[in-house]
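The values are calculated or read from the model by the stated rules, or taken from the named source; none is laboratory data. The model shown is predicted, which means the values in this text are computed figures rather than measured ones. A quick note on method: Cβ atoms are made from the backbone with ideal geometry, for glycine too, and the neighbour counts reach across all protein chains shown.
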Amino acid sequence: MTGPAPVVSLKGVSKRFTRGLTALVDIDLDVRPGEFVSLIGPSGCGKSTLLRVIGDLTDATEGTVVVNGKSAHQARLDHDYGIVFQDAVLYDWRTVGRNVSLPLEMLGWDRSRRKERVKDMLELVELEGFESHRPWQLSGGMQQRVSIARALSFNPSLLLMDEPFGALDEMTRERLNGQLLEIWEQSKSTVVFVTHSIPEAVYLSTRVVVMSPRPGRIAELVDIDLPQPRTFQTREEPRFFELVTQVREALAGRTGAGAPVAPEERF
Amino acid sequence: MVSAAEATTRLERVRSVRADERVMRLLLVPVVIAALWGGWELYKWTWETTGWTWPFTVDDTTMPHIHDIFAAFGRPVQTGGPPLIVSLLKAAWFTAKEALAGFALGAVVGFFLAVGLAHSRLLERGLLPYVVASQTVPILAIAPMVVVGLGSKGVQGWQSVAVIAAYLTFFPVAVNELRGLKAVDPRSLELMRSYAAGRNAILWRLRVPASLPYLFTALKISATASVIGAIIGETPASIQDGLGGAIVNFNQYYSLEPTFLWATNVICACLGVAFFLAVSVTERIVLRRAPENVA
């Protein structure tokens, strides 16, 4: 074993749902500290389920899930990760600031410390001045940035993101991709990112996990050797296109042509 | 990119549209009242001049003039006594006290019943049928039992009436709040799970705030029901000081003074509306949700 201990370590992880559907089979994956790992694959490949297994929001049927050297369950109890969903999932009875401070309240931070932290986090996601706004006064992209600020507010070592920009338009998505990378660099956290956009996966990640469906398994791991920091020019480099092609072929190679796409990844 | 200031302006525009609406609504009030008044008098005039007797004979006893009903407020009930409006307002104050106590008691019982039922499927299955059954028992049947039963324990009459009013109010609160507590977005629950939140944290930080729109809908129903419950509860309790007592009293003299009973009904309706409005205003202060027409 070389290098630091992995933040996430999956060994032989399988997931079968009670009604017999097999979502994941024999997943082995290590995510090292500071990595930005994207899970990509067609609908039904279990990428969202895999993210939930890491977050202990659903149980693995077989295999071991280790997060920060302990069980996924213990890691959840210890607040080792922050999570961002496709929808911002903001509580509309709370102001933007109080949404960001929700996990801090649960952790028992005192008021002045929370206030300071919320200010810093809103600065980080470039939403200064919106603290006392209501979530519904913000655009979708802004809401998602609040959600990211909330997930990072308590400094978790791991950030789990489930298609966070999937519901946004292309321009907003690209801008938020850039912001996310800046945040990732500043916070030095490890990110596991679920997406179904190939360019997004290649642009953001240090490594892309290509998954294939029915049952969900890892088809290929693609190291993304694009230089850091990534800029808007990264998307125009020849190497970027090569990697996009490589991921696309990995996806196509394992997917049966014209296979029906079923929304099985949710439960 | 929307700045904080722009978002605020957008909100203000929505608010100014709503202000225009409010003016329109205010103008509508006299129009509706005039229409109701006109409709009543037109019906009365038509039936009286044609002599129609279907569905009932119309005269000054069955349908007094509206202006006579309002004039009755100024007339004394007994010669030399205070005008009707004074005794009715006193009675309304008395009934309002009963209704308010009943409303509060019913709301608290209903709320915690819902919390209990929401946390245990077994409790919900076992208890909910009886909660429903409780509402099929006519209040007139249980009112004397409550008054006599509690009276033997030294509970004052008006407090017994409050319990009867609570009997009517707890039910909508329990049923609606139960639904509200369970109608939580699954993603919001997952978020709470990711914070390793316990039952209490999920209840008070997520389920209860998310259920408030349901709760206020129930409270609006309960507000008027508590007034009805108090009025009805006074009757078997033989309480003379409230609106229920006034109704029983003026019922006996209806053929002589029909306007007194009608005037009492007007006050009863006003009390119910006042309760409803109080809940509505509270709702508006507590719930600062998205205005429906915000983009």
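When B:Trp52 is tested against (1) surrounded by fewer than 18 Cβ atoms within 10 Å (Cβ to Cβ); (2) in a helix (DSSP H, G or I), exactly one condition is not met: (2). Only one entry in A:Asp28, A:Asp59 is charged (D, E, K, R), more than 14 Å from every other protein chain (Cβ to nearest Cβ), surrounded by fewer than 19 Cβ atoms within 10 Å (Cβ to Cβ) and more than 25 Å from A:Leu181 (Cβ to Cβ), namely A:Asp28. Residues that are in contact (Cβ under 8 Å) with a residue 60 or more places away in the chain, within 12 Å of chain A (Cβ to nearest Cβ) and in a helix (DSSP H, G or I): does the stretch B:185-207 have at least one? Yes, the stretch B:185-207 has at least one match. The requirement of being β-branched (Val, Ile, Thr), crowded, with 24+ Cβ neighbours inside 10 Å, modelled with pLDDT of 90 or more and within 20 Å of the chain's Cα centre (by Cα) is fulfilled nowhere in the stretch B:212-220; no residue meets it. Which residues, counting only those in the stretch A:230-239, are surrounded by 13 or more Cβ atoms within 10 Å (Cβ to Cβ), part of a helix (DSSP H, G or I) and modelled with pLDDT under 90? Result: A:Thr234, A:Arg235.
Taking (1) closer than 19 Å to A:Glu128 by Cα; (2) surrounded by 15 or more Cβ atoms within 10 Å (Cβ to Cβ); (3) not acidic (Asp, Glu) in turn, A:Val89 satisfies each apart from (1).
Considering the stretch A:67-84, the residues that are in contact (Cβ under 8 Å) with a residue 60 or more places away in the chain and surrounded by fewer than 24 Cβ atoms within 10 Å (Cβ to Cβ) include one that is nearest to A:Leu107 (Cα to Cα), namely A:His79.
Within the stretch A:16-41, the set of residues being hydroxyl-bearing (Ser, Thr, Tyr) and touching a strand residue (DSSP E or B) at 6+ places or on another chain (Cβ under 7 Å) comprises A:Thr22, A:Ser38.
Every residue, every condition in (1) under 18 Å from A:Leu51 (Cβ atoms); (2) more than 12 Å from chain B (Cβ to nearest Cβ); (3) in a helix (DSSP H, G or I), yes or no:
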residue	(1), (2), (3)
A:Val65	yes, yes, no
A:His79	yes, no, no
A:Asp92	no, no, no
A:Asn99	no, no, yes
A:Leu104	no, no, yes
A:Gly108	no, no, no
A:Lys115	no, yes, yes
A:Val118	no, yes, yes
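Taken over the stretch A:147-186, the criterion of being polar (S, T, N, Q) and touching a residue at least 40 places away in the same chain (Cβ under 8 Å) is satisfied by A:Ser147, A:Ser153, A:Ser157, A:Gln179, A:Gln186.
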